[in-house]
Amino acid sequence: MALPRTLIDPRRIYLEPAVRDYARGREVLARFPQAETIEVESHWRIPELREGADAADWLRVKRETLVLGVKKGLAMRPNGRSADFIAPSSSNGCAMACAYCYVPRRKGYANPVSVFVNVEAIAGAIGRHAARLGPKPEPNTVDPADWVYDLGENGDLSLDAAVSNNVRDLVAAFRDIPGAKGSFATKLVNRDLLAYEPRGRTRVRFSLMPEAMARVVDVRTSPMSERIAAINDFVAAGYEVHVNFSPVIVHEGWEPEWRALFREIDDTLTPAAKAQLKCEIIMLTHNAGLHEVNLAWHPKAEDWLWRPDLQEAKVSQGGMENLRYRRAWKRRWLDQLLAWREALIPYCAVRYAF
Ligand code: SF4
């Protein structure tokens, strides 16, 4: 396994009893024989993870805890931004700890990796869905030809690949689903994925931001220069590789940092990588609840994320009290970023920006 054990080294595995009925479940349990196993009724309801771990303890919980479950709902959800559809997750939770991440809000903030062992059912559901749709009738901003399914809405698949073969199986499944492509965003370089033979049917989206900011807010992720250099290798291995400039965190002095990032991309990428490159740009949205939580474990990040002088409140559809950059300023900043992109990496078309 290519990833350092400091990222994930399970000592305790919570599992739904049905997990042992699945080959994938038995395989993961055999991979970590030293781990204590604790049966739970549902992967969603593990009180120790919600209340037991205080903020100072989260990184240890993330490293030492794994949850195994069976994914129940297998419906696709329409998306239209990063993907045409959000596929049922093969996992949720994450061993990394980005300060702005919305994923932990769902399962207690330590939120260690939960892996679902019925990946065959997930791949089967995607295949049946794509077959029902038939060919994509016309190009859209997601993809000119294929229906794209997001596989990693609730975690980071590059990390999941260190725990089980789910990601390998999903990449393999998309080789045989006509008219469909898998896609996931990642902040981690896991070179094991280079051996998965995607044959152009899986899109990896490396998330990028200036390194100085990432060192504060992208906790436990791969350094930016490693992600940028990996783009060439992933393209050579048969992946389509796009980039997510996200979240874009506006601050005094952001311009030279973003220009340097775009220059590094231009200096590093091969002609083959540049020829297929596209991007998404997503301005930061923050959250009052997350702000309070972060103050308890990583207050430095809040100096950048919590900027009421630049932000305005917006209640989300789910009832969350979110903060986003003030509307008129946000538009202006987005236009500035788009202009720097146009000047320095004009071949990198924007799939969407907001
Ligand atoms: S890598 Fe992604 S899922 Fe993991 S903490 Fe960071 S933003 Fe969240």
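The values are calculated or read from the model by the stated rules, or taken from the named source; none is laboratory data. For clarity, every value in this text was computed on a predicted model and none was experimentally measured. Note that each Cβ is placed from the backbone with ideal geometry, even for glycine, and that neighbours are counted across all protein chains shown.
May I ask you to verify whether residue 207 is outside any loop (DSSP other than H, G, I, E, B) and small (Gly, Ala, Ser)? Taking the combined requirement at face value, the residue satisfies it.
Among the residues of this structure, residue 265 counts as one that is at negative phi, surrounded by 20 or more Cβ atoms within 10 Å (Cβ to Cβ) and either in contact with a strand residue (DSSP E or B) (Cβ under 7 Å, 6 or more places away or on another chain) or in a helix (DSSP H, G or I) (or both). Taking region 174-192, which residues are among the small types (Gly, Ala, Ser) and away from the ligand (no atom under 16 Å from the Cβ)? 179, 180, 182 - these are the residues of region 174-192 that are among the small types (Gly, Ala, Ser) and away from the ligand (no atom under 16 Å from the Cβ). Close contacts from region 84-101, counting a first residue that is under 26 Å from residue 306 (Cα atoms) and among the aromatic types (Phe, Trp, Tyr) and a second that is more than 9 Å from the ligand (Cβ to nearest atom) and assigned to a loop (DSSP other than H, G, I, E, B), with Cβ to Cβ under 7 Å and a gap of 6+ residues or different chains, come to 100/284.
Suppose we filter region 216-238 for residues that are more than 16 Å from residue 192 (Cβ to Cβ) and either charged (D, E, K, R) or away from the ligand (no atom under 11 Å from the Cβ) (or both); how many remain? Adding up the residues that qualify gives 11. The criterion of being out of contact with any His (no Cβ under 8 Å at 6 or more places or on another chain), under 30 Å from residue 278 (Cα atoms) and of a type outside the set (Lys, Arg) does not hold for residue 73.
Name the residue that is modelled with the lowest pLDDT, counting only residues in region 97-107 that are part of a helix (DSSP H, G or I) and within 10 Å of the ligand (Cβ to nearest atom). Of everything passing the filter in region 97-107, 104 is modelled with the lowest pLDDT. Restricting the first member to region 177-195 and to residues that are farther than 15 Å from residue 242 by Cβ and of a type outside the set (A, V, I, L, M, F, W, C), and the second to residues that are away from the ligand (no atom under 16 Å from the Cβ) and part of a strand (DSSP E or B), the beta-carbon pairs closer than 7 Å and six or more apart or on different chains are 179/147.
Taking the criterion of being of a type outside the set (D, E, K, R) and in a helix (DSSP H, G or I), the residues of region 268-288 that qualify are 268, 271, 272, 273, 275, 276, 288. Taken over region 83-96, the criterion of being in a loop (DSSP other than H, G, I, E, B) and either surrounded by fewer than 23 Cβ atoms within 10 Å (Cβ to Cβ) or more than 13 Å from the ligand (Cβ to nearest atom) (or both) is satisfied by 83, 84, 87, 88, 89, 90. So is residue 242 surrounded by fewer than 23 Cβ atoms within 10 Å (Cβ to Cβ) and touching a strand residue (DSSP E or B) at 6+ places or on another chain (Cβ under 7 Å) or not? Answer is yes for this residue.
One line per residue, one yes/no per condition, for (1) in contact with a Leu (Cβ under 9 Å, 6 or more places away or on another chain); (2) within 16 Å of the ligand (Cβ to nearest atom); (3) modelled with pLDDT of 95 or more:
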site: 109; (1), (2), (3): yes, yes, no
site: 133; (1), (2), (3): no, no, yes
site: 143; (1), (2), (3): no, no, yes
site: 154; (1), (2), (3): no, yes, no
site: 172; (1), (2), (3): no, no, yes
site: 200; (1), (2), (3): no, no, yes
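Taken across region 15-35, residues that are under 30 Å from residue 295 (Cβ atoms), surrounded by 20 or more Cβ atoms within 10 Å (Cβ to Cβ) and at pLDDT 95 or above do not occur at all. In the set (1) surrounded by fewer than 18 Cβ atoms within 10 Å (Cβ to Cβ); (2) part of a helix (DSSP H, G or I); (3) at pLDDT below 95; (4) not basic (Lys, Arg), the condition left unmet by residue 329 is number (3).
The single condition among (1) of a type in the set (Ser, Thr, Tyr); (2) surrounded by 15 or more Cβ atoms within 10 Å (Cβ to Cβ); (3) more than 19 Å from residue 253 (Cα to Cα) that residue 352 does not meet is (2).
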